[in-house]
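The values are calculated or read from the model by the stated rules, or taken from the named source; none is laboratory data. Quick caveat, the model's predicted, so the values are computed rather than measured. Virtual Cβ from ideal backbone geometry, glycine too; neighbours counted across all protein chains shown. Each accessible area value is taken on the protein alone, full model and side chains, heavy atoms only, with ligands, DNA and RNA left out. Shrake-Rupley method; radii C 1.70, N 1.55, O 1.52, S 1.80 Å.
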Amino acid sequence: MVVPELRPWRAARPQFERIADAVRPRLARAATAAKPRIARLTRALRPRSPRPPRRQAARTWQYTAGAATAGLALAAGVVTAAGPWDANGQRTAERDRATALERPGGTDHDGSAAAGSGTAAGARPAPSAAPVLAGLDARTAAVDTRTAPPGGKALSDALGRLLGASALGGDHAAAVVDVATGKRLYGTEAGKGFTPASTTKIATAVAALSALGPDHRLTTRAALEPDTGELVLVGGGDPTLTAHGKAGGGDWADLRTLAADTAQALHKRGVHKVTLSYDTTLYSGPALHAIGVNDNLAPVSALTVDEGRVNDSVSGPAHRVADPAKDAAGKFAAFLKDAGIATTAPGPSKASTRAETLAAVSSPPLSALVERMLTNSDNDIAEALARQTALASGEPGSFDGGARAISARLTKLGLPMSGAAFHDGSGLSRDDRLTADLLTALLVTAGDPGRPGLRPVLTGLPVAGFTGTLTHRYTDGAAGVIRAKTGTLTGVNTLAGTVVDADGRLLAFAFLASGTTDPLQAQAALDTTATALAGCGCR
């Protein structure tokens, strides 16, 4: 389908201008030099006639503020992001652009990513990636494919040397696929299973959305037992339940609100003191990941507040409480006390089927949870979504049940599963295996116009130079044109996402490297390769 003309871009021009205003001091000096590139990118938005193939040397090129804005508009034409979660395809990232630049983004698993990983105390949750590269017109389908797709030989010339960099260790795999056609344009060891690190979250996101749908919400409730008068706080598996109130930012379920509503219901019954219990039986199996106690993941519980963090951070590594459910129940008791309800010290229990729900709070829709998980590389959300996928698939809500459910869901979607193995939903396990073929297939499937419910997988990917784990990467490169999920474990560096190339095509890519010795150099090598792909326009 041909990309529409500039009508939707002009309608969104105020948002783009705000982005440009935020980044202008950093990039203005190079704006003049980028004018030819901006002109070529802008022309890609207009219908064009087929032209004879031309040879173009692969090169890595630098974007400026104007180029980034043009890239945003171009990407807006090639991805359908207006879906059931957002009627007009616009979200809040433009407004939060300045905040994103002032604070670090999310983090990868071992904290060895670029300087600035982690999130300052009290920072807002990561802004949604959706508006930055969102489709501005709900009727836009995919991409202009009237010109010939890039040729495999030229693409090999552009990427082969870069992927062979010593910084990427002794073993690597790669794949590049045209999202519009599904044709693989480049591959090396693309069918071999590699430790994927955090790019596993792409698979978790597709499986969860496929199993539950983008509008599904996770509910935490307070239930009163009719016979004993026991008040039970029932965990629904919402990893974004917060005790921070409005200070936490976002439309997350609020434990304070749940306590206030519960207290009001109790007062109406003339009840001013209760026996308080908490129910975590929705999940089963070990709460602690096989890696043991780790700042990147709290013990997984059906009842947790603020991901069990002992500080006010909302993403990145942080010390966690040993028992998230007990911690959440204790905070709930304190809020009840503030509202005039005295409680006993809370202990574990199980709500009966006769228990009456007095109050409940629900998470934002699953689409928003997926976006936050991918943007911030949030391991707690990833493991919660794996368990929710398991429960929806008839499996136990455990690490093993989640792994089986993810694999089964992706198999049902017809994705290439040879060489893949799952042991968790976050990618913290070194026993996880994904292939470059599977990662690109997941991204292509998420971009399928016939599967709009999977679109948060694309809109949640961190945007180069703008959001999440890519906030401080590509600041002197292809900012705004690449969006990708990062992955880092000791000796492992991965990158998988989408890029708009020089001819306006949307390409899915996956790069996986093992045996790396310097995570920052490996990260830089992957960024250079993705930037070269963006500037290639290979035929």
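What is the distance in Å between the Cα centres of the range 458-518 and the range 380-448?
So the separation of the two Cα centres works out to 20 Å.
Probe radius 1.4 Å, ligands and nucleic acids ignored: give me the carbon and sulfur share of the accessible area of the range 309-348 as a rounded percent.
Numbers: 1020 of 1810 Å².
Solvent-exposed carbon and sulfur of the range 309-348 make up 56 percent of the total.
Accessible area per residue, 1.4 Å probe, Å², for the range 459-516: what's the number?
For the range 459-516, the per-residue accessible area is 11 Å².
Between the DSSP loop rule and a limit of at most 11 other Cβ atoms within 10 Å, which trypsin sites (Lys or Arg not before Pro) in the range 311-367 are left?
Numbers: sites: Arg320, Lys326, Lys331, Lys337, Lys350, Arg354; in loops: Lys350, Arg354.
Those satisfying the criteria are Arg354.
Between Glu356 and Lys412, take the C-beta separation as r, use R0 = 45 Å, and let me know the FRET efficiency to the nearest 0.05.
On the way: r = 38 Å, r/R0 = 0.84.
Step by step, r from the Cβ atoms, then E = 0.75.
Just grab the label-to-label distance for Ala322 and Thr528, each label 7 Å out from Cα along the Cβ direction, in nm (one decimal).
Here the answer is 4.8 nm between the modelled labels.
Return the distance in nm (one decimal) between the two label points of a simple spin-label model at Thr517 and Thr344, each offset 7 Å from Cα along Cα→Cβ.
Here the answer is 6.1 nm between the modelled labels.
For the range 358-509, which whole-number percentage of the solvent-accessible area (1.4 Å probe, protein heavy atoms only) is attributable to carbon and sulfur atoms?
48
Per residue, how many Å² of accessible area does the range 181-258 show with a 1.4 Å probe? Could the numbers behind the result be given before it?
Working: 2620 Å² over 78 residues.
With all protein chains present, the range 181-258 gives 34 Å² per residue.
What is the calculated FRET efficiency for Asp171 to Asp261, with r their C-beta to C-beta distance and R₀ = 45 Å, to the nearest 0.05?
On the way: r = 55 Å, r/R0 = 1.22.
That gives a FRET efficiency of 0.25.
What percent of all Cα-Cα pairs in the range 323-461 falls into each 5 Å bin, going from 0 up to the bin containing the maximum distance?
Here the calculated profile for the range 323-461 is 2, 8, 12, 18, 20, 11, 9, 8, 6, 3, 2, 0.
Can you give me the relative contact order of the range 175-286 as a percent, contacts being Cα pairs under 8 Å and 6 or more apart? Show your work: numbers first, answer last.
Values: 98 pairs, mean separation 22.6, N = 112.
Once divided by the residue count of the range 175-286, the mean separation gives 20 percent.
How many nm is it between the label spots at Lys268 and Thr281, if each spot is 7 Å from the Cα in line with the beta carbon?
2.7
Please report, as a whole percent, how much of the solvent-accessible surface of the range 191-296 comes from carbon and sulfur atoms (probe radius 1.4 Å).
Values: 2040 of 4070 Å².
Ligands and nucleic acids excluded, carbon and sulfur give 50 percent.
Report ³J(HN,Hα) in whole Hz for each residue of the range 177-191, in order, from the Karplus equation J = 6.51 cos²θ - 1.76 cosθ + 1.60 where θ = phi - 60°; Gly and Pro get x.
Karplus-based 3J(HN,Hα) across the range 177-191 equals 10, 6, 5, 5, 9, x, 7, 6, 9, 7, x, 9, 6, 5, x Hz.
Per residue, how much accessible area does the range 352-435 show when a 1.4 Å probe rolls over the protein heavy atoms, in square angstrom?
Details: 2660 Å² over 84 residues.
Each residue of the range 352-435 exposes 32 Å² on average to a 1.4 Å probe.
Once every Cα of the range 416-539 carries one equal point scatterer and solvent is ignored, give the base-10 log of I(q)/I(0) from the Debye formula at q = 0.10, 0.14 Å⁻¹, two decimals.
-0.31, -0.62
Subtract the Cα-Cα distance of Asp227 and Arg430 from 0.36 nm times their separation in residues, and report this length gain in nm to one decimal. The partial results should precede the final answer.
Working: separation 203, 0.36 × 203 = 73.08 nm, distance 4.87 nm.
The Asp227-Arg430 span can extend by a further 68.2 nm.
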